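Submitted below is the structure of interest, expressed as structure tokens.
The values are calculated or read from the model by the stated rules, or taken from the named source; none is laboratory data. Source: prediction; values computed, not measured. Reconstructed Cβ throughout: ideal geometry from the backbone, glycine too, with neighbour counts over all protein chains shown.
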Amino acid sequence: MSIRRDILAKVHAVPPLPEVVFKLQKYCNDPNVSYPELAKVIEVDPGLTTSLLRLANSAYFGCEGTIGSVQYAITRLGLKRVYQMVLAVCVAPMARKPIRGYDLTPAMLWQHAIATAMASEYLAQELGQAEPADAFTAGMLHDMGKIVLGNFVEVDMGKIRALVEQRGIPFDEAEREIVGTDHASVAASLLHRWQIPERIVTAVRYHHHPSGCADPEPLLDIVHVADVLCRDVGWGMGADAMLYRFDPASAERLALPPDIAEQTMAEVSLGLEEMMEIFQTLGGASAPPRPQPVG
């Protein structure tokens, strides 16, 4: 069996998302959905209910200690926000494990995922060029391919690094040449399996090289910029963190204001520690040390 087939087999071995995630996604744009009935679907799972309410009552989601039921969470925060939180709770256990190959200790991938989600959402809100809910989801899921590709990268890390150094190419390009695919493409395959909307899958697939997409949308450019900003600060740094290139075309297409990077990182810094503490409590994973800004 080829390496590519081994990788695809591992993608299919990743557990599917709970049915409640698909139901929430399905009804996000349905104006006739019954909130009481949808709340019952979530409340069937006591653990999910507890986790959702913990997040709903966080400062980041804006309702510090005021939400006591799932139905009120949906009414107060909106169905898309609740979908984000349920998806985060379901994906977090996979991302809070050590990722061999990329030298990611427990919680580091999740720290980068949440930081990028928050940065993407803030950029989408400030620029007004993409749906903030989509930006949060795409930012959170953009590196999920690493949970599948880590073991394969570990075997060939020496060859990948050598290619990066000898030819001066980005890490994901070296991944493709040595392993036959890259973590962004693997993430896209995983998200297809999870039935994530195509616009989000595209943003994830091309997040390291937006100009490689035939028709890059603002959502893609936003996730690319957010990912770069979070890596520059040092949130969730792995072995590959500084081995990618910034695509200046993304900044041009978005017409980024000169101070947007500082504003975005300040906004993320305000909420990231609280979010990591909540997920640490929910899942028992140890949080990585707080990074210091680079430069």
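Examine the stretch 244-261 for a residue that is touching a Ser or Thr at 6+ places or on another chain (Cβ under 7 Å), in a loop (DSSP other than H, G, I, E, B) and touching a residue at least 12 places away in the same chain (Cβ under 8 Å), and state whether such a residue exists.
Start the filter on the stretch 244-261 by keeping residues that are touching a Ser or Thr at 6+ places or on another chain (Cβ under 7 Å), which leaves 247, 249.
Filter once more, keeping what is in a loop (DSSP other than H, G, I, E, B): 247.
If we keep only those that are touching a residue at least 12 places away in the same chain (Cβ under 8 Å) as well, we get 247.
Yes, the stretch 244-261 has at least one match.
Restricting the first residue to the stretch 53-64 and requiring it to be farther than 16 Å from Leu282 by Cα, which pairs with a second residue that is of a type outside the set (Gly, Ala, Ser) and in a loop (DSSP other than H, G, I, E, B) meet a Cβ separation below 7 Å and a spacing of at least six or different chains?
Cys63/Asn57; Glu64/Asn57
Could you check the stretch 120-213 for helices (runs of 4 or more DSSP H) lying wholly inside it with 2 or more residues that are farther than 20 Å from Asp247 by Cα?
Details: elements: 132-141, 146-167, 171-179, 183-193, 198-205.
Qualifying helices (runs of 4 or more DSSP H): 132-141, 146-167, 171-179, 183-193.
Might you let me know whether the stretch 226-234 holds any residue that is within 17 Å of the chain's Cα centre (by Cα), within 22 Å of Ala95 (Cα to Cα) and not in a helix (DSSP H, G or I)? Lay out the reasoning, then the answer.
First, pick out the residues of the stretch 226-234 that are within 17 Å of the chain's Cα centre (by Cα): 226-234.
Going one step further and asking which of them are within 22 Å of Ala95 (Cα to Cα), we end up with 226-234.
If we keep only those that are not in a helix (DSSP H, G or I) too, we end up with 234.
Yes.
Working only within the stretch 173-210, note down all residues that are of a type in the set (Gly, Ala, Ser) and modelled with pLDDT of 95 or more. Break it down stepwise before answering.
Taking the stretch 173-210 first, the residues of a type in the set (Gly, Ala, Ser) are 174, 180, 184-185, 187-189, 203.
Residues satisfying the conditions are Ala174, Ala184, Ser185, Ala187, Ala188, Ser189, Ala203.
Would you confirm, using the coordinates I've provided, whether Arg161 is closer than 20 Å to Arg231 by Cα and either over 14 Å from the mean Cα position of the chain (by Cα) or touching a residue at least 60 places away in the same chain (Cβ under 8 Å) (or both)?
So Arg161 fits the description; yes.
Would you mind finding the one in Ala107, Ala138, Ala162 that is at pLDDT 95 or above, under 20 Å from Tyr60 (Cβ atoms) and among the hydrophobic types (A, V, I, L, M, F, W, C)? Break it down stepwise before answering.
On the way: Ala107 fails: at pLDDT 95 or above; Ala162 fails: under 20 Å from Tyr60 (Cβ atoms).
Exactly one of Ala107, Ala138, Ala162 is at pLDDT 95 or above, under 20 Å from Tyr60 (Cβ atoms) and among the hydrophobic types (A, V, I, L, M, F, W, C), namely Ala138.
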